[in-house]
Amino acid sequence: MTPDEVRHATQWLAEELRARPEDVVNYDRHAHGLKWSVWHTLEHVLDDLVVYALQVAGQVPHAYLPLAGPGGEELVHCDRASGAAGMADSLEACGELLAAALQTRPATSRAYHPYGDADPAGYAALGALEVVVHGWDVLTALDDEVADLPEDLCAGVVARLFPGSPTELGTAQEVLLWQTGRGELPGRARLSRWRPSPGVR
C-alpha cells in the first residue's frame, strides 16, 4: 500500500465525522464492541498514526520507541472541547505525518513492528487498517447501524496484511471485519483472536 492510501483513509474518516451533527452524536458512548469510548478510540487511531510515523522515520530496528506516557497511555490526545472538527483536523494531520514519513524512506527500508518488521508498504497498510477498522467501530456506534467502509481500502489492507484470506466468501469489507474479529463469513465463525502480518514476504 502507499502513502496516498493512508491519506485516503484519514480523509474518509474525517469527512464522516464532519458530516454528523455534533449535537446529535455522543462521543462518550462506547465504540462498537470495545470498552473504549468513541473519543478514546479516535485518540488511539491518532496515536497509532504518530507512533507508526516515528517508527518509519527512525527506521527503528528492535522495539517501539520508548515514548509512551506513564502506564503506557497514548502519546497523543485531542482536546475534547475541540469537538468533531478538531478530531477530524487531527486525523488528517496525523495521517499526513505518516504519509510524509513513508515517502522519505526507500521501499527496502525496515522498521520494527511486534508482528514482523515492516517496509513502508507494510506500515501504510497498518495505518490504513487502524483508521478503517476503528472507523467502523466508531461510526457503527454513532449511527447505531453497521457502517460502510471504502472497499478499495479494505481490499488493499486484506491483501497486504492478511494473506490467504477467504476473499471468495464476501466483500472486501466483510472479509476485513472477519479477519479482525468483527464479523462472520459463511461457514466461518467470528474470530476471537487475530493479528495482521506486516512483515515483508
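The values are calculated or read from the model by the stated rules, or taken from the named source; none is laboratory data. In this text, all values refer to a predicted model and were calculated from it rather than measured experimentally. Every residue, glycine among them, receives a Cβ derived from its backbone with ideal geometry; neighbour counts consider all protein chains shown. Ligands, DNA and RNA are stripped out before the accessible areas are found, and what is left, the full protein with its side chains, is counted by its heavy atoms. Shrake-Rupley method; radii C 1.70, N 1.55, O 1.52, S 1.80 Å.
Computed values, structure above
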quantity: Net charge contributed by nearby residues that have their C-beta within less than 11 Å of Leu177 (K/R +1, D/E -1); calculated: -1
quantity: Å² per residue, accessible surface of the chain at 1.4 Å; calculated: 47 Å²
quantity: Region 3-145: relative contact order as a whole-number percent, Cα under 8 Å and 6+ apart; calculated: 41 percent
quantity: Along principal axes, Cα extents of region 35-120, largest first, whole Å; calculated: 41, 28, 19
quantity: Estimated [θ] at 222 nm from DSSP helical runs (n ≥ 4, -39500 (n - 2.57)) normalised by residues in the chain, nearest 500; calculated: -17000 deg cm²/dmol
quantity: Zero-based 5 Å bins, Cα pair distances in the chain, whole percents; calculated: 1, 8, 16, 20, 21, 17, 11, 5, 1, 0
quantity: Volume per residue that the Cα convex hull of region 112-201 spans, once the total is divided by residue count, Å³; calculated: 96 Å³
quantity: Magnitude of the charge dipole, region 24-90, Cβ model with Lys/Arg +1 and Asp/Glu -1, debye to 20; calculated: 140 debye
